[in-house]
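Every number here is computed from the coordinates shown, using simple stated rules; none is lab data. Note that the structure is predicted; figures quoted are calculated from it, not measured. So basically every Cβ, Gly included, is an ideal-geometry build from the backbone, and we count neighbours across all protein chains shown.
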Amino acid sequence: MKHRVANGYKAFYNMVQKCKGANLSSWKLKNQLFKSLVRPIVLYGVQVWGPTTSQSNWNKVEAIQKLFLEMELGVKTQTPYTLLLVEAGLLPLEVEALYHTLQYVMRVKALQDSRLPKQALYASRAFGWYADVCRWAKTWDLCEHEWDTQPKKLRALLHSKAIRKLWHNPSPRLQYFMRDVNPMVLFEEQEYLGAPISVKLRHIIARYRLSSHHLEVEEGRWKGVKRQDRVCTLCDSGSIENEYHVFIGCRWYQDIRVAHQILVSDLHDLFRLPPKQLGLYIMAIDRK
């Protein structure tokens, strides 16, 4: 596993250098390059080693994709992986690995009974590789009778199972995201990522959507300050300095709201503004 992860990082940093040399900043292109150049190397031969890989080793594999998302979104390393995934419309690499493994299982099952791979598959049903695959699938709440021979149906089912598991018992930070930023909790690429805006605007939108900023509500958490004491120091309202207060409620920024024609009354509507307008508004707030 150590060698596999090392090769994954090597492929990733090679991709980063190539993109830098070509002055490539498009999220869509870089995301496609990651899927084409890095992910296949990380998951090479996963049908063999995936079923018996421990969760700690999967975490090492996932760290490669997490690093890619952190760099592209410009957020802190402490940002929860789940938030990065839902923002980019991606799923864990483990889910992709399980999908390819189950596809292989279904292809082998479709062979004639006389074929050796099929005989070996069923011979390992009680104890062996096939039993390991079944246990692995169950960790994502996918039972054997739910496996489907059609790739699109299998991917859709695994996708829904993965989302339910990822959002089980969300932390307060994830609850905020579900309530104010993305109430529908859709695992789909957000509009601003593919919009024709600068990398700087893309990063600043991502930081405030994912609570990877320097407002007191976040900074105070790291400093051990009680939530009720993380108040705004720019106005006398006594309100907690969080995203809602800064972007919608604080009188200190009223002139910027007027200049950028911000007429929304909640964060969900704010984050649905056109990406360029949203990015310039957040940048103006951040600079003041």
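Suppose the Debye formula is applied to equal point scatterers at every Cα of the chain; what is log10 I(q)/I(0) at q = 0.07, 0.15 Å⁻¹? Treating every Cα as an identical point scatterer, log10 I(q)/I(0) equals -0.34, -1.18.
Among residues other than LEU102 with Cβ under 14 Å from its Cβ, the summed charge is +1 (Lys and Arg +1, Asp and Glu -1). Computed packing ranks the peptides 66-75, 37-46 as 66-75, 37-46, most packed first, by mean other Cβ atoms within 10 Å. Structure remark: mean-square fluctuation, Gaussian network model of the chain, C-alpha springs under 10 Å; the largest value among LYS18, LYS161, LYS28 belongs to LYS18. The overall shape of segment 99-158 is oblate: from the C-alpha gyration tensor, with semi-axes ordered a ≥ b ≥ c, the ratio a/c is 1.5 or greater and a/b is no larger than b/c.
Each peptide in 187-196, 89-98, 218-227 gets a packing score, the mean of other Cβ atoms within 10 Å over its residues, and the list from highest to lowest is 89-98, 187-196, 218-227. For the options VAL258, VAL199, VAL133, a Gaussian network treatment of the chain with springs between C-alpha atoms closer than 10 Å singles out VAL258 as fluctuating the most. Kirkwood radius, segment 158-288, all distinct C-alpha pairs, inverse of mean reciprocal distance: 15.9 Å. Annotation: lysines with alpha-carbon distance below 21 angstrom to LYS118 (same-chain offsets under eight excluded): LYS109. Cross-link partners of LYS66 among lysines, defined as those whose alpha carbon lies under 22 angstrom from its own and excluding same-chain residues fewer than eight positions apart: LYS2, LYS10, LYS18, LYS20, LYS28, LYS30, LYS35, LYS76, LYS161, LYS165, LYS200.
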